[in-house]
1. Name the residues whose placed amide hydrogens come within less than 5 Å of the amide hydrogen of VAL98, ignoring near sequence neighbours (fewer than 5 apart) on the same chain.
2. Where Lys and Arg each count +1 and Asp and Glu each count -1, what net charge lies around ILE19 among other residues with Cβ under 10 Å from its Cβ?
3. Counting pairs of alpha carbon atoms under 8 Å apart in space and at least six apart in sequence, what relative contact order in percent does the chain give?
4. Can you tell which of HIS20, HIS40, HIS52 shows the greatest fluctuation in a Gaussian network model of the chain with Cα springs below 10 Å?
5. What size of dipole, in debye to the nearest 20, comes out for segment 3-99 about its Cα centre when the only charges are +1 on Lys and Arg C-beta atoms and -1 on Asp and Glu C-beta atoms?
6. Identify unpaired cysteines across the chain, taking unpaired to mean no other cysteine Cβ lies under 4.7 Å from the residue's Cβ.
7. Which whole-angstrom value gives the distance between the alpha carbon centres of segment 75-97 and segment 25-53?
8. Please list 3J(HN,Hα) in residue order for segment 19-24, calculated via the Karplus relation 6.51 cos²θ - 1.76 cosθ + 1.60 where θ = phi - 60°; whole Hz, with x for glycine and proline.
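Every number in this text was worked out from the coordinates using simple rules, so none of it is lab data. In this text, all values refer to a predicted model and were calculated from it rather than measured experimentally. Every residue, glycine as well, gets a Cβ built from its backbone with ideal geometry; the counts of neighbours run over all protein chains shown.
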Amino acid sequence: MPQVRLLPHPDLCPEGREIHVKPGASLCESLLKVGVAIEHACEMVTACSTCHVYVRQGGDSLEEPGDDEGDQLDNAWGLEAQSRLACCVKLADTDITVEFPRHTRNHAREH
């Protein structure tokens, strides 16, 4: 089972964390299942960019972003070459390292 290493983020994961995820599972859904409150304003239908993450290691093992993901990434805060939408990332058999952006474009965080 691939391991997802989460780098520390002051709000979402202050001390960092490592989780195991089944191959083929959605990164966003997997984070939510273990209590990491990642934003997902569109309910994971690739209609916003609030679940934006950086895949710092292991990104080569993931499928390339589709057109919908690419279009929404254009709206993400702090876009980088390693940017992905967690709702679109399906885990492969390789470990990945994920960093959460410091900000999101969501104006109102829902709890």
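1. ARG5, LEU6, LEU7, ARG56
2. Surrounding charge for ILE19 is +2.
3. 36 percent
4. Residue with maximal mean-square fluctuation among HIS20, HIS40, HIS52: HIS20.
5. 420 debye
6. When partners are defined as cysteine Cβ atoms under 4.7 Å apart, the chain leaves CYS13, CYS51, CYS88 without one.
7. Cα centroid to Cα centroid, the span is 11 Å.
8. 10, 9, 10, 5, x, x
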